[in-house]
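The values are calculated or read from the model by the stated rules, or taken from the named source; none is laboratory data. As the structure is a prediction and not an experimental result, all values here were calculated from the model. In this analysis, Cβ positions are derived from the backbone assuming ideal geometry, glycine residues included, and neighbour counts consider all displayed protein chains.
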Amino acid sequence: MAPVPEAARMAAAVPVGEGVLIERVIPGSTAQKAGLQANDILLKLDQATIRSSSDVVTQIRKKRADDTVTLSIVRDGKPLEQQITLIGLPPETSPDYDTLYEAVEAEGALRRTIITKPRGEGRSPAILFVGGIGCYSMDYPFAPTEPYRQLLAALTREGFATMRVEKSGMGDSEGEACAKVDLNTEVEGYAAGLKALKDKAYVDPDKLFIVGHSIGGIVAPLVADRVSVRGIVVAETIGSTWFEYELINRRRQLKLEGMPLAKVGAQMQLKQWCMHQLLIEKQLRAQILEKRPACAEEMKIPSSDVYLQQIAAVDLPELWTRLKLDTLVIYGGSDFLTSPEEHREIADTINAARAGAAVYVEITGMDHSFYRMKDQDESFRNRRVGKAGEYHPEIDRTISQWLKARAG
């Protein structure tokens, strides 16, 4: 789910700040069986106004399988109301390995964990996987081709146990709504999962790794700073400060949008002012928007403001220097959300502190979501219309080879 685009909001007369756009419908899910479609706008759930994906989670968490829910939606500009019956999610399954659904406690709340483990006796090396920014479940029973699930399945078949920790308030996890959680709470959940993974009878505690994707590449070293691991893999992430990244990434995307170069400077000045107020000065969002309403588009990031401010305060070069861990840094050449320079900087920083500890690999034709894409432009255009791609298998081959060399 995503915020309602301005054009769609105006066409459907949706009040500002209300409703969420359904970007895709998972086959076999309640939404699919109820006939919901991609690009529907969800306005209300049991008469509760929906303003974000966390509102949907809050309402659904009150329900159980076989309960009914009344939805108010807009489809093709027309209002519709329908009642649907919720179905329970089946567990992920595979003929090649076991999948275990467990939980860990973090800051007084239970967080769902999803573990995949090789079959057979003995202890396996293990991976804690940390995904990207935003509020979504890491459980994919209806989506075997989802990139995260494909990656972890491939690594399990290569002999690694893996763990995912559901974000606070997502899936079966308890705790505060994901959209309101701060970075420290998120890190605590992953650290709790890593400690639990380390204690499993089927895991070799001396062969523990973290794989972080996107913002998970920032969270991964923060977790490793609390729980010791043998190595870290980061992919499609950043190596600078978050404030710098916001500016560089925005300029790159404005050019991909085709904005005339004469107008880029003014837009970047707006972006700089908005993000400085939010991240550095830590002004309240409402106060920023009161001064400059145009900041709404520039501050549209799927996390809490406190989360972003804490991310912005992380000194990544200092953290990587202090850890000195064996690290694999991966960049997909078609990723328009990050850059090769960001990734090389991580590797260079680590190697300056411990020569040879970091390896940089660039995978040609892979984008931010681990999809095959010809270039950044193709990825940018497809992402804007919600078009997925074909999973790029080079990502799991690259990670697997590096992990095996260090697991011994």
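Look through segment 378-394, keep the residues that are out of contact with any helix residue (DSSP H, G or I) (no Cβ under 6 Å at 6 or more places or on another chain) and not in a loop (DSSP other than H, G, I, E, B), and return whichever of them is farthest from Arg252 (Cα to Cα).
Glu394
Filter segment 153-179 for residues that are in a helix (DSSP H, G or I) and either within 15 Å of the chain's Cα centre (by Cα) or assigned by TED's automatic domain parsing to the domain that holds Ser52 (or both); which is surrounded by the fewest Cβ atoms within 10 Å (Cβ to Cβ)?
The selected residue is Ala179.
Go through segment 90-151 and tell me which strands (runs of 3 or more DSSP E), entirely inside it, have 3 or more residues that are of a type outside the set (A, V, I, L, M, F, W, C) and over 15 Å from the mean Cα position of the chain (by Cα).
The strands (runs of 3 or more DSSP E) meeting that bar are 97-106, 109-118.
Only one residue in Leu319, Leu308, Leu284 is among the hydrophobic types (A, V, I, L, M, F, W, C) and assigned by TED's automatic domain parsing to the domain that holds Leu256, so which one is that?
The conditions single out Leu284.
Which of the residues spanning segment 1-50 are over 25 Å from Pro90 (Cβ atoms), small (Gly, Ala, Ser) and not in a helix (DSSP H, G or I)?
Within segment 1-50, Ala2, Ala12, Ala13, Gly17, Gly19, Ala48 meet the criteria.
List the residue pairs whose Cβ atoms are under 6 Å apart, where the first residue sits in segment 346-360 and is under 22 Å from Ile215 (Cβ atoms) and without any contact (Cβ under 8 Å) to a residue 40 or more places away in the chain, the second is polar (S, T, N, Q) and surrounded by 21 or more Cβ atoms within 10 Å (Cβ to Cβ), and the two are 6 or more positions apart or on different chains.
Correct list of pairs: Ile350/Thr327; Ala358/Thr327.
When you go through Leu319, Leu308, Leu247, Leu278 one by one, which is the residue that is in contact with a Pro (Cβ under 6 Å, 6 or more places away or on another chain), assigned to a helix (DSSP H, G or I) and of a type outside the set (Asp, Glu)?
When all the criteria are applied, what remains is Leu319.
Output the residues belonging to segment 110-128 that are within 17 Å of Asp172 (Cβ to Cβ), surrounded by 18 or more Cβ atoms within 10 Å (Cβ to Cβ) and of a type in the set (A, V, I, L, M, F, W, C).
Hits for segment 110-128 are Ile114, Ile115.
Pairs, please: C-beta under 7 Å, at least 6 apart or cross-chain, first residue in the same structural domain as Leu80 (by TED's automatic domain parsing) and in segment 25-52, second basic (Lys, Arg)?
Sorted first by the residue in segment 25-52, then by its partner, the pairs are Gln37/Arg75; Ala38/Arg24; Asp40/Arg75; Ile50/Lys44.
How do the pairs read when you match residues in segment 185-198 that are charged (D, E, K, R) with residues anywhere that are part of a helix (DSSP H, G or I), using Cβ under 8 Å and keeping only pairs 6 or more apart or on different chains?
Here the result reads Glu186/Val219; Glu186/Tyr307, each pair linking segment 185-198 to a residue that is part of a helix (DSSP H, G or I).
For segment 13-24, which residues satisfy the criterion of being touching a strand residue (DSSP E or B) at 6+ places or on another chain (Cβ under 8 Å) and either within 16 Å of Ser72 (Cα to Cα) or free of Cβ contacts under 8 Å to residues at least 40 places away in the same chain (or both)?
Within segment 13-24, Val14, Glu18, Gly19, Val20, Leu21, Ile22 qualify.
Kindly check whether there is at least one residue in segment 51-70 that is aliphatic (A, V, I, L, M), part of a loop (DSSP other than H, G, I, E, B) and farther than 30 Å from Leu289 by Cβ.
Yes; the residues of segment 51-70 include at least one that is aliphatic (A, V, I, L, M), part of a loop (DSSP other than H, G, I, E, B) and farther than 30 Å from Leu289 by Cβ.
With the requirement that a residue be surrounded by 15 or more Cβ atoms within 10 Å (Cβ to Cβ) and in contact with a Ser or Thr (Cβ under 7 Å, 6 or more places away or on another chain), what does segment 88-97 give you?
Passing the criteria: Glu92, Tyr97.
Listed here are the residues, each with its yes/no results for (1) farther than 15 Å from Tyr331 by Cβ; (2) in a helix (DSSP H, G or I); (3) among the charged types (D, E, K, R).
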{"residue": "Val223", "(1), (2), (3)": "yes, yes, no"}
{"residue": "Arg226", "(1), (2), (3)": "yes, no, yes"}
{"residue": "Ile238", "(1), (2), (3)": "no, no, no"}
{"residue": "Gln253", "(1), (2), (3)": "yes, yes, no"}
{"residue": "Leu256", "(1), (2), (3)": "yes, yes, no"}
{"residue": "Ala262", "(1), (2), (3)": "yes, yes, no"}
{"residue": "Gln267", "(1), (2), (3)": "yes, yes, no"}
{"residue": "Trp273", "(1), (2), (3)": "yes, yes, no"}
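Do the conditions hold for Ala313, that is, is it over 18 Å from the mean Cα position of the chain (by Cα), free of Cβ contacts under 8 Å to residues at least 40 places away in the same chain and more than 21 Å from Ile133 (Cβ to Cβ)?
No: the conditions fail for Ala313.
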